[in-house]
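Step one of this worksheet: look at the structure below.
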Amino acid sequence: MPTRNTSEPAPGPPLLTAVASGKGGVGKTWFSVTLAQSLARMAHRVLLFDGDLGLANIDIQLGLNPMHDLGSVVSGKVSMPAAVQSCLSGGFDVLAGRSGSGALAGLGPDAVEQLIAGLAQMPYDHVLLDLSAGLDSTTQRLTAAADILLVIATDEPTSLTDAYAVIKLHEAAVPGGEVRLVINQAASDTAGHRTYATLARACAQFLGRTPALAGIVRRDERVRDAIRRQMPLLSRHPASIAGADVARIAGQLSLR
Ligand SMILES: Nc1ncnc2c1ncn2[C@@H]1O[C@H](COP(=O)(O)OP(=O)(O)OP(=O)(O)O)[C@@H](O)[C@H]1O
Ligand SMILES: [Mg+2]
């Protein structure tokens, strides 16, 4: 059951924000969950969609036991609204993937378009898509449909080159599309800005455009602890460094 009263008409289609990275394990799922919780705390209606169709795991990070998931929606067993589950501690709703089965990885283009059309009709202010790492065709379709693409990178060289590849592909598919960078697991704010400058320079030089900085998220042991406890970070640690960093990014998104 959704957290909010979804029988109220929404003012318009939700803002679709996709969270992507080239390299895996940089923090997309944790960041998406925390962004969802931050936006919910700003009184936005938020749906977090597990768009990692190969190895879905939002439900695991949150300790949820979904009755239905995306697999049931795709197979036509239930409607999309009926498959939504609330994350009560987070204050947002979740459309779970199918954990670990990889069953949705090979969805055809029509099924993906149908999913995107379904999401656009959901009664929320924000739909957040937590995507899989890499650049498979489904991920590319989902990123192309987003209003804003948040690309997450860390200071690891492979993470930076892979993030650049995602931005390049997205620019080819959606010229001028809105891309913002999140530098995660930064040792400090200054170090994070240095990492952003490196990536921004490469984009300016080779793509002729500089993606904006969404924000720096610092490395914080409390992130790991919250994930281990299967709790949203802001519930487990209301005053963490990384939580405050994500809340600042949510503040910018909420202005849209
Ligand atoms: N700001 C941070 N501070 C400390 N650890 C972090 C931070 N962000 C992410 N991590 C660590 O990185 C790990 C991977 O995070 P997460 O599962 O969200 O990455 P992902 O990009 O979704 O991975 P995948 O590509 O496999 O889907 C987490 O288990 C956590 O320990
Ligand atoms: Mg993930």
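Quick rundown of the values:
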read-out: Some residue of the stretch 3-13 being within 15 Å of ligand 1 (Cβ to nearest atom) and either closer than 24 Å to His170 by Cα or modelled with pLDDT of 90 or more (or both); value: no
read-out: Hits in the stretch 16-32 (condition: more than 8 Å from ligand 1 (Cβ to nearest atom) and at pLDDT 95 or above); value: Leu16, Thr17, Ala18, Val19, Ala20
read-out: Near pairs, Cβ below 6 angstrom, 6+ apart or cross-chain, from the stretch 108-137 (over 23 Å from Ala172 (Cα atoms)) to any residue that is polar (S, T, N, Q) and surrounded by fewer than 18 Cβ atoms within 10 Å (Cβ to Cβ); value: Pro123/Thr6
read-out: Identity of the residue in the stretch 33-47, within 15 Å of ligand 1 (Cβ to nearest atom) and either modelled with pLDDT under 95 or over 10 Å from the mean Cα position of the chain (by Cα) (or both), that ends up surrounded by the most Cβ atoms within 10 Å (Cβ to Cβ); value: Ser38
read-out: Test: residue in the stretch 54-65 that is within 12 Å of the chain's Cα centre (by Cα), among the hydrophobic types (A, V, I, L, M, F, W, C) and within 15 Å of ligand 1 (Cβ to nearest atom); value: yes
read-out: Test: Ala20 is farther than 22 Å from Gly91 by Cβ, more than 10 Å from ligand 2 (Cβ to nearest atom) and within 12 Å of the chain's Cα centre (by Cα); value: yes
read-out: Helices (runs of 4 or more DSSP H) enclosed by the stretch 174-256 - at least 3 residues per element that are crowded, with 16+ Cβ neighbours inside 10 Å, in contact (Cβ under 8 Å) with a residue 12 or more places away in the chain and not small (Gly, Ala, Ser); value: 189-207, 233-236, 241-253
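The values are calculated or read from the model by the stated rules, or taken from the named source; none is laboratory data. Quick caveat, the model's predicted, so the values are computed rather than measured. Counting neighbours? That spans all protein chains shown, and the Cβs are built from the backbone with ideal geometry, glycine included.
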